[in-house]
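Quick notes on the structure that follows.
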């Protein structure tokens, strides 16, 4: 299984704005998703073994932080013409199977993934209440097949530090996963 690391976008950069549909076509704007204390944006998909490996923990994180002022959203940006398992029609079943109660949105144009500088699934971006990037990195040290329990240690430490108003003391290690499945180059060549 080939691993692609996250790009580790510069800390302090503002959260890109977006409006994307969920599987039913309902549009969700970044401003309506943002939480009072911060916003967690997770790039994921239905088929990636790295995402499947941590999906139940993502559901637990969503439940644990939903009422604590953290807005949470999942976004899939994969090319569904080549990876049909990631199509919007499969998103509700994936979300239900793993307890994902936060909005799970479809970035068909892949422009949102590009704006965030997302590279892999899963890829995590945590922004503070002012919309500045404070954490980008891994969920924890677990990977498919490494026998390390999925605990969310790194991401939970970042979320807790943000909520406590303290400095971000967690080590920011790149996330690893499958690369985002980009569409063939079109007029956006060079922007991937």
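Quick notes on this structure:
- On the principal axes of its alpha carbon atoms, the stretch 62-107 extends 38, 20, 10 Å, with the longest extent given first.
- Surface/4 of the Cα convex hull for the stretch 4-179, nm²: 9.0
- Over all Cα atoms in the stretch 107-192, the spread is summed up by Rg and Dmax: 15.1, 45 Å.
- Projected over all directions and averaged, the alpha-carbon convex hull of the stretch 17-97 occupies 5.5 nm².
- Beta-bridge orientation, the stretch 1-148: approximately 60 percent antiparallel, per DSSP, counting only bridges with both partners inside.
- For the peptides 147-160, 69-82, 20-33, residues were scored by their other Cβ atoms within 10 Å and the scores averaged per peptide; the highest-first order is 69-82, 147-160, 20-33.
- Centroid-to-centroid, using Cα positions, the stretch 120-150 and the stretch 22-66 are 12 Å apart.
No lab work stands behind these numbers, since they all come straight from the coordinates. All values derive from a computational prediction rather than experimental measurement. Using ideal geometry, Cβ is built from the backbone for each residue, glycine included, and neighbour counts are taken over all protein chains shown.
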